[in-house]
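Below: the structure, in structure tokens.
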Amino acid sequence: MAEKFDAIVVGAGPSGNAAAYTLAKSGLKVLQLERGEYPGSKNVQGAILYSDALERIIPDFREDAPLERHIIEQRMWVLDDESFVGTHYRSDEFNKPPYNRYTIIRAQFDKWFSQKAQEAGALLLCETTVSDLIMDGDRVVGVQTDRLGGSVHADIVILADGVNSVLARKAGFRPELNPGDVALAVKEIHFMPEETIQSRFNISGESGVVIEMVGKITKGMMGTGFLYTNKESLTIGVGCMLSDFKKQKVSPNQLLEEMKNHPSIKPLIEGGEMKEYAAHLIPEGGYKAIPQIYGEGWMIVGDSGMFVNAVHREGSNLAMTTGRIAAETIIELAEKQKPFSARNLAAYREKLDASFVMKDLKKYRNMPGIFHRNPQFFTTYPELVNQAAHTMIKVDGIDKKTKEREIRNSFTHRRSLFGLMGDAFKMWRAFE
Amino acid sequence: MHIVVCIKQVPDSAQIRVHPVTNTIMRQGVPAIVNPYDLFSLEEALRLKDIHGGRVTVITMGPPQAEAALRKCISFGADEAILVTDRAFAGADTLATSYALATAIAQIAKDQAVDMVFCGKQTIDGDTAQVGPGIAKRMDMQLLTYVSQVDSLDITSRTVQVQRRAEGGVQVLTTRLPCLVTMLEGTNEMRFATMDNMFRAARYQLKVWDRVAAGIEDVSKIGLKGSPTVVSKVFAPQAKTQRAEIIDSESGEPRDLALTLISKLFTQHPAMSEAVVKQSA
Amino acid sequence: MSAETKAPVKKAGKGKYELSDELKAYQGVWVFVEHERGEVHPVSWELLGEGRKLAAQLGVPLSGVVLGAPGLATRRFCEEAFFHGADNCYLIEDAALGNYRNQPFTKGLTDLVNTYKPEILLLGATTQGRDLAGSVATTLKTGLTADCTELNIDMENRSLAASRPTFGGSLLCTILTLNYRPQMATVRPRVMSMPQRDNSRTGSIVQHPLGLIETDIVTKVLEYIPDNRQDKPQLAFADIIVSGGRGMKNPENFQLIWDLALLLGAEVGASRPVVQAGWVDLERQVGQSGKTVRPKLYIAAGISGAIQHRVGMEGSDVIIAINNDPNAPIFDFATYGIVGNAMTILPALTQAFKQQFAVAKMAS
Ligand SMILES: Cc1cc2nc3c(=O)[nH]c(=O)nc-3n(C[C@H](O)[C@H](O)[C@H](O)COP(=O)(O)OP(=O)(O)OC[C@H]3O[C@@H](n4cnc5c(N)ncnc54)[C@H](O)[C@@H]3O)c2cc1C
Ligand SMILES: Cc1cc2nc3c(=O)[nH]c(=O)nc-3n(C[C@H](O)[C@H](O)[C@H](O)COP(=O)(O)OP(=O)(O)OC[C@H]3O[C@@H](n4cnc5c(N)ncnc54)[C@H](O)[C@@H]3O)c2cc1C
Ligand SMILES: Nc1ncnc2c1ncn2[C@@H]1O[C@H](COP(=O)(O)O)[C@@H](O)[C@H]1O
């Protein structure tokens, strides 16, 4: 006999775990299905965890969550082929608990979060892939898994199955992925002794550093590179729009290899031993790419709903927040004994609109398009900025005024004054 | 038929790293899995149960986290799972481990007689292949190691016929129950758990036995005390100080590289070269 | 052994370990001479070579142990054992020992140990040796260290210091059996080198009864199906091995390995990913969970040199590595390295060997 649950959550990433935890804690009968060997086994993230979103779900998460390092210093580098110009922001404010941001390793973090959901009463089955949604007319009434005797019913199905969401696409809830709306990121984790990391990055104890990079490392493609410090390892990766990869015919792997050999990056990772390699998509279409996220007996949360703020590299927090809010919507309806119809579930979207999730995404709604149409942000500018710095810093007997003129000329020579002003305007509009 | 399968939870050794400076194991985040060799034995036990009916009990001696490994076995179709866990077991070598397991299996047998015990060929962390033979000896069971196939099992006459891998061939053996079998790797493939068994495993209340529940009275035979072997030193394999001589040629063409290499071989290793020439003839 | 994975390292060797008089009576180094189908497994001779060194250090005799059915062969095995370094041999001849079976062999070996009390007992880590060693050690309630790669004597404690890989070969550990005798260890074939055979050596044979009759033995051998030696790769004893790894990319490219091997009259080996991908049989896997090999020449193409592979082949006399990554670990221990694409280097190498052989032929 097929089992019946109040809710089924597909996926045990941050969005699915947030939803399952919140639902189970309220006493609902929850089944969570995950195709990986264990939660997080195949999940990929940079990975930076923003405390706030998790705090709202598990206030005392710091007590036992597997956190790597809290971040006290953020570096932003603009790279040319041989150099970089950068800013470092470091504040002791970040070194006082409760910490605001942490590096994490997803395989461990997801496992922990999922354990919390199970302790709250959710039933988790791993290595179980949901292959289809079971429909009754236009209503979702359950899921079909790849196992023998694998259909399970529920009053509501939450799709927390990540950026690819085969299920949402199959069911027609979401269009096919547009290569211009997703970035392809590759990353590696390199083992490195704790002491080496600490001395190389000028940190002590469990404090950490993150480096975000733009510039010629992406060969003109829209994208960024990153390097994060974990306890006993470094994470290094790079991601660019899928459409750009297709156009430029460079493999992500090759891009990462070259980035690792950049003279400013190589010494930081030297001596590390590669532990894992992963590639993953990131939905970067922003506000305009968000599909319908609820319907008769179904809801979409996290990456599956394209909830990522690419400008600020926020994804897991939006995933957790959408998961929590979806669950809270269900709990409210259940308390009022209202059915999980599209009409009633519209409250989910309303809550999101009122939250930072939609507000932030709306703010940057034009960003992806601008970067897309203006590759100079990733080629010409890094080069110019680095040249400028070089010209100013090098002492060679040329007076500073001439140098300034040279720099100005180099900018207007490579891009017209109108172009420069236009770019500045575009950026201003986008961030406004 | 009542079959007991001994399984062990092991760290996925493919993901273990050694700290380059301190030479200690960096275990952080290394996932724990069911010893892969044990799955060949579990599958064989389940197959025999499918044919002859009966019950399969899995047992492990290990820390409380080993529960996950047992649960996994339930999802494949094992009927019962017993976790034997006690601080007193810490530091056990194979002699002490086989004693604890043999005693616990004898305890299981009080409930329902045990006809067969299955062990993995070896573990991937210990790699000794001794616990199986040790249990058989202690329980006075016939031992069949490196079994590539169970040909037949006759419950009424209580006989079993197997094929056992030997160094130069395969032995076809017949013996009486009860017996202990260790399966060779690659002899079968673990089944894909059904949804019902997945649910059963997720909800299953496994039996947790401490030393006393497992029927172990003599503490001097378990843990560190019951282990004749002592680890005196752990160290990293000696790194060869000499790196390879990299063969290069002016042109860097494969052909020139190959010729340079061969002339080096034949001038600097005459004995070996002689063997090569002889062999090739 | 769970000891080294779980146990806090119990520090031995601080003070000298005083054996009881009863245990002091255990003297001498024994090697179990394993045979099947009328042939002694070479690992036994390798162990006699190693046992010779241990016995010399301890100042005790080295003995071979032969169990078998009555007939000429067992005597010949004893003789061979003398040639390979044994001072004497313990021999049990009984019809029940015709084929290897756990029960009578365990009984025979255990009785011999209890009667003649050796301090060290070595066996090959083969299907037979491991089957027997585990049963004998349990019966004797003594320590057994499996799959050792190095044997030494810790003179301070007069005990066997047996080293073996742990944690998938990433570390080694040394294990002592302090107040139990005998100290048992198994060693994989080809880990120790083959001793020089000396046909002039002789020794004495001590015979012992089995004390077991066929009807007491529960397990029966119905049939023995010998492997077809022709199809079976004999990696462990090959003089030349050409191995390919994941870097060969696909089975078609792997043919280049076979081509070179064919020319050299060599065996083909492989790293684990290649075996797992099904390009070659399991029998050809070299490494920790495959075969240990000691050829005169080992050619590794597209193999990174992971520790699990390395432990199986680093005993080779000359290692040639072909890899396109100049930082591949294999270059850390190979004799010669070529940094380049295996797909072009291998055919060139095959061609160059061909030329060399032609020259050698003309010269002779
Ligand atoms: C390289 C990279 C770096 C990033 N860096 C950051 C960062 O620093 N900070 C940040 O906040 N975000 C970052 N992100 C984004 C973040 O990883 C995602 O937004 C977040 O993981 C989304 O969570 P999710 O739960 O929606 O999806 P996922 O984490 O993708 O989880 C989906 C889960 O569903 C399972 N699943 C899928 N299909 C099925 C099925 N049919 N049946 C059963 N199970 C299924 C999957 O196995 C998976 O466990 C990064 C992403 C990438 C790729
Ligand atoms: C418990 C355990 C037991 C194991 N036992 C064994 C064992 O017995 N034997 C074994 O081999 N492994 C074993 N392994 C696996 C081992 O850890 C390694 O994963 C394996 O040896 C790697 O095989 P590889 O070198 O072929 O592949 P990789 O590590 O992927 O290396 C491929 C190499 O090919 C090179 N390459 C790529 N393209 C080319 C080209 N065109 N030309 C030249 N070179 C190229 C690459 O630079 C790389 O160095 C075991 C692992 C575990 C955990
Ligand atoms: N702690 C344990 N609990 C249960 N079974 C074990 C344990 N240790 C070893 N075994 C069994 O004995 C087999 C051989 O282990 P080993 O001698 O460690 O190589 C394993 O494959 C298991 O079946």
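The values are calculated or read from the model by the stated rules, or taken from the named source; none is laboratory data. These numbers come from a predicted model, not from an experiment. Virtual Cβ from ideal backbone geometry, glycine too; neighbours counted across all protein chains shown. Accessible surface is based on the protein model in full, side chains and every heavy atom, while ligands, DNA and RNA are left aside. Shrake-Rupley method; radii C 1.70, N 1.55, O 1.52, S 1.80 Å.
Of the DSSP H helices in chain B, those with a Cα length along their own long axis of 24 Å or more and a mean Kyte-Doolittle hydropathy reaching -1.0 comprise B:36-52, B:94-111.
Considering every Cα-Cα pair within chain C, what fraction, in whole percent, is farther apart than 27 Å? Above the 27 Å cut-off, chain C has 53 percent of its Cα pairs.
Looking at the stretch A:236-296, the pairs of alpha carbons with a distance over 17 Å make up 57% of the total. Roll a 1.4 Å probe over the protein chains and send me the accessible area per residue for the stretch C:235-363 in Å². In whole numbers, the stretch C:235-363 has 38 Å² accessible per residue.
Give the average over all directions of the projected area of the C-alpha convex hull of the stretch C:3-216, one decimal, in nm².
On the way: hull surface 48.1 nm².
Projected over every direction and averaged, the Cα hull of the stretch C:3-216 covers 12.0 nm².
Each part reduced to its alpha carbon centroid, the stretch A:317-374 and the stretch C:213-247 end up 64 Å apart.
Note on the stretch B:2-221: lysine pairs with Cα distance below 17 Å, sequence gap of 8 or more or different chains, count 7.
One compactness figure for the protein assembly as shown is 1.06, namely its Cα radius of gyration divided by 2.2 N^0.38 Å. The charge dipole of chain A, taken about the Cα centre with unit charges on the Cβ atoms of Lys, Arg (+1) and Asp, Glu (-1), comes to about 1400 debye, rounded to the nearest 20. Counting protein heavy atoms only, the stretch B:230-275 has 49 percent of its accessible area on carbon and sulfur, 1.4 angstrom probe. Ordered from longest to shortest, the equivalent ellipsoid semi-axes for the stretch C:235-363 are 21, 16, 15 Å, each the square root of 5 times a Cα gyration tensor eigenvalue. Convex hull volume of the Cα atoms of the stretch A:245-359, normalised per residue: 154 Å³.
How far, in degrees from 0 to 90, does helix A:417-431 lean away from the longest principal axis of the Cα atoms of chain A, to the nearest 10? Roughly 30 degrees between the two axes. Taking every alpha-carbon pair under 8 Å whose residues sit at least 6 apart, chain C reaches a relative contact order of 14 percent.
Remark: accessible area buried at the B-A interface is about 2100 Å², both chains counted, probe radius 1.4 Å.
Of the solvent-accessible surface of the stretch C:247-313, computed with a 1.4 Å probe over protein heavy atoms with every protein chain present, carbon and sulfur atoms account for 49 percent. Normalised by the number of residues in the stretch A:259-370, the average gap of Cα pairs under 8 Å and 6 or more apart makes the relative contact order 27 percent. Buried accessible surface for the B/C pair, both sides summed and rounded to the nearest 100, is 8200 Å² with a 1.4 Å probe.
The residue list A:P97, C:L210, A:S199 was ranked by how far each Cα lies along the charge dipole of the protein assembly as shown toward its positive end, using unit charges on Cβ atoms, and A:P97 comes out on top. Comparing C:A270, C:A137, C:A306 in a Gaussian network model of chain C (Cα springs below 10 Å), the most mobile by mean-square fluctuation is C:A306. The dipole here belongs to the protein assembly as shown: it is taken about the Cα centre, uses +1 on the Cβ of Lys and Arg and -1 on the Cβ of Asp and Glu, and is about 1460 debye. Annotation: amide H of A:N43 has no partner in the under-5 Å range at sequence separation 5 or more or interchain, hydrogens built in the peptide plane. The residues of the stretch C:158-175 occluded by other protein chains by 50 Å² or more of accessible area, set against the chain on its own, are C:F167, C:S170, C:L171, C:L172, C:T174; surface from heavy atoms, 1.4 Å probe. Average projection, convex hull of the Cα set of the stretch A:52-210: 14.2 square nanometres. Ordering B:G120, B:M139, B:S98 by Cα displacement along the dipole of the stretch B:93-165 toward the positive end leaves B:M139 in first place; charges were set at the Cβ atoms of Lys, Arg (+1) and Asp, Glu (-1). For the stretch C:122-151, a drop of 40 Å² or more in accessible area on going from the chain alone to the assembled protein chains (1.4 Å probe) is found at C:T127, C:R130, C:D131, C:T138, C:K141. The GNM of chain B, with springs linking C-alpha atoms under 10 angstrom apart, assigns the highest mean-square fluctuation among B:P228, B:P36, B:P254 to B:P254.
Sequence-distant or interchain residues sharing an amide H contact under 5 Å with B:G91, placed H: which? When sequence neighbours closer than 5 places are left aside, the close amide H contacts are C:A7.
Taking every residue in C:345-356 and counting other chain Cβ atoms within 10 Å of its Cβ, the average works out to 5.
Using a 4.7 Å Cβ-Cβ cutoff, the cysteines of chain C lacking any partner cysteine are C:C148, C:C173. Across the stretch A:82-102, the residues whose backbone nitrogen lies under 19 Å from the label position 7 Å along the beta-carbon direction of A:D60 are A:97-99.
If only the Cβ of Lys and Arg carry +1 and only the Cβ of Asp and Glu carry -1, the dipole of the stretch C:3-216 around its Cα centre is close to 600 debye. Cα extents for chain A along the principal axes, largest to smallest and rounded to whole angstrom: 85, 48, 38. For B:R191 and C:Q27, the FRET efficiency from 1/(1 + (r/R0)^6), where r spans their Cβ atoms and R0 equals 56 Å, is about 0.55. In chain A, helices alone account for a calculated mean residue ellipticity at 222 nm of -10500 deg cm²/dmol, with every DSSP H run of four or more residues adding -39,500 (n - 2.57).
In this rough spin-label picture, where each label sits 7 Å from Cα along the Cβ direction, the A:E82-B:Q65 distance is 4.9 nm.
Under a 5 Å amide H cut-off, with hydrogens placed 1.01 Å from N, A:S131 pairs with A:Q144, A:T145, A:D146 among residues at least 5 apart or on other chains. In chain B, the DSSP-assigned H stretches of four residues or longer account for a calculated mean residue ellipticity at 222 nm of -10000 deg cm²/dmol, using -39500 (n - 2.57) per stretch and the full residue count as denominator. Working from Cα positions, state the angle (0 to 90°, nearest 10) between the long axis of helix A:316-335 and the longest principal axis of chain A. For helix A:316-335, the angle is close to 20 degrees. What the stretch B:2-221 shows is 36 Å² of accessible area per residue, with the surface traced by a 1.4 Å probe over protein heavy atoms. Ranking A:E206, B:E67 by solvent-accessible area of protein heavy atoms (1.4 Å probe, all protein chains present), from largest to smallest, gives A:E206, B:E67. If you take the Cα centroid of the stretch C:185-201 and the Cα centroid of the stretch A:204-248, the two points sit 55 Å apart. Comparing A:P375, A:L345, A:F356 along the charge dipole axis of the stretch A:271-430, the residue lying farthest to the positive side is A:P375, per the Cβ-charge model. Relative to the longest principal axis of the Cα atoms of chain A, the long axis of helix A:106-119 makes an angle of roughly 30 degrees. Of the two radii for the stretch A:201-257, the radius of gyration is 1.09 times the Kirkwood radius, both from the alpha carbons; that is the Rg over Rh value.
Calculated accessible area for chain A comes out at 43 Å² per residue, all protein chains present (probe 1.4 Å; ligands, DNA, RNA ignored).
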